[in-house]
Amino acid sequence: MSDAIITDTLNYTVILERSRTGYGAYAPDLPGCIAAGATRDETVRLMREAMEFHLESMIEDGDEIPELISSAVEIEVAPKVG
């Protein structure tokens with residue numbers, strides 16, 4: 001096991017997508033780290049757990065922790081029709 005300890009909180013961007021059956025989530029800066037749940041709250045909880053497990057596994061394997069490079073914004077648009 002690695003002796004590396006993260007002393008700061010990491011704030012990764014997570015994208016939530018609604019589907020017919022619930023929600024899915026992924027973190028662009030953590031490839032392969034995903035979660036799905038029936039509700040938004042459940043999906044956020046499961047994604048947090050998945051991210052913690054993903055990062056802990058990376059640390060144990062001696063992998064470099066990905067940089068926080070992604071961000072997200074909501075952009076309001078008003079398309080003109082006709």
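Working from Cα pairs under 8 Å separated by at least six residues, relative contact order for the chain is 26 percent.
Rounded to the nearest 20 debye, the dipole magnitude of the chain is 760 debye, with +1 charges on Lys and Arg beta carbons, -1 on Asp and Glu beta carbons, and the Cα centre as origin.
Every helix of 4 or more DSSP H residues in the chain counts as -39500 (n - 2.57), and over all residues that averages to -9000 deg cm²/dmol at 222 nm.
Here, each number is a calculation from the coordinates, and none is a lab measurement. All figures in this text were calculated on a predicted structure; none of them were measured in a lab. For neighbour counting, all protein chains shown are included, and Cβ atoms are generated from backbone atoms with ideal geometry for every residue, glycine included.
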